1. Condition first: crowded, with 16+ Cβ neighbours inside 10 Å and modelled with pLDDT of 95 or more. Now tell me which residues in the range 116-131 satisfy that.
2. If I filter the range 95-109 down to residues being touching a residue at least 60 places away in the same chain (Cβ under 8 Å) and touching a strand residue (DSSP E or B) at 6+ places or on another chain (Cβ under 6 Å), which single residue comes out as most open to solvent (accessible area, probe 1.4 Å)?
3. Spot the failing condition for Phe144; the list is (1) over 20 Å from Lys76 (Cα atoms); (2) surrounded by 13 or more Cβ atoms within 10 Å (Cβ to Cβ), and only one is missed.
Amino acid sequence: MWIIILIIIIIEFIVTLITLISIKVNKNNKSFIDYDELEKQRFGKLGENYVSKHLEIIINEFGGYLYNDFCFEDEKGYSTEIDHILITRGGIFIIETKTNKGTIYGNKDDEYWVSRKKEYQEDKSIKNPIIQNNGHINHLKRMFKNYPPKMISVIIFPLADISNINSNVVFNLNDAIDYIIKLTKSNKYSIQYVERINKQILDIKSKYSIPKEKHIKNINKKYH
């Protein structure tokens, strides 16, 4: 299993690397494409895929359901993209993957955090992922209409130093997987509960799912 996952990750990395090299070569042309943003999206996708492979191991061992890149739009035209929804007997995990590097600084109530790369003395402002993921959770709960289930927020930084972050919902990858497995092993919820929640998620997906491209357009329309 681990060998297969490693091979998949290596292939994805090579494909992404080739793509990024191609992008850099073409940066000098005057295309309307924002190549910097494209690089960011592709790198973020690689990180999400990496986390997804580890979540799939949990599903294979303990059962449950996993949804990646879950984009949906409500009746008012407001859309949300959730990186991963994991449903196990330990609960419903709403997972946000952040592929920032360097050291992360911030408090749970700050609107923005800082990602600092010491070797470049570069500070980058990022949205507070705790607030961001709580927004995802609240929006998804509203889609359940009646009696929305409790959801567990998990933010994963697979590449960054998060030792300065004081939060019980922010993890590196290994600690996040250990946390999810621990809760899953508790069997707090029945198999019937897992199946019922999955059916509701499938119903939301069938009625309100949108392509990621439309979600990006919605975001651009909202903030520009």
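The values are calculated or read from the model by the stated rules, or taken from the named source; none is laboratory data. Values in this document were obtained by computation on a predicted structure and should not be read as measured data. All Cβ positions, glycine included, derive from the backbone under ideal geometry; neighbour counts span all protein chains shown. Accessible surface areas use protein heavy atoms only, side chains included; no ligands, DNA or RNA. Shrake-Rupley method; radii C 1.70, N 1.55, O 1.52, S 1.80 Å.
1. Narrowing the range 116-131 to residues crowded, with 16+ Cβ neighbours inside 10 Å: 116, 128-130.
Hits for the range 116-131 are Asn128, Pro129, Ile130.
2. Initially, the range 95-109 is screened for residues touching a residue at least 60 places away in the same chain (Cβ under 8 Å), giving 95-100, 103-105.
Those still in the list that are touching a strand residue (DSSP E or B) at 6+ places or on another chain (Cβ under 6 Å) too: 95-97, 100, 103-105.
Working: Ile95: 0, Glu96: 12, Thr97: 10, Asn100: 25, Thr103: 14, Ile104: 0, Tyr105: 71 Å².
Among them, the one singled out is Tyr105.
3. Going through (1) over 20 Å from Lys76 (Cα atoms); (2) surrounded by 13 or more Cβ atoms within 10 Å (Cβ to Cβ) one by one, Phe144 breaks only (1).
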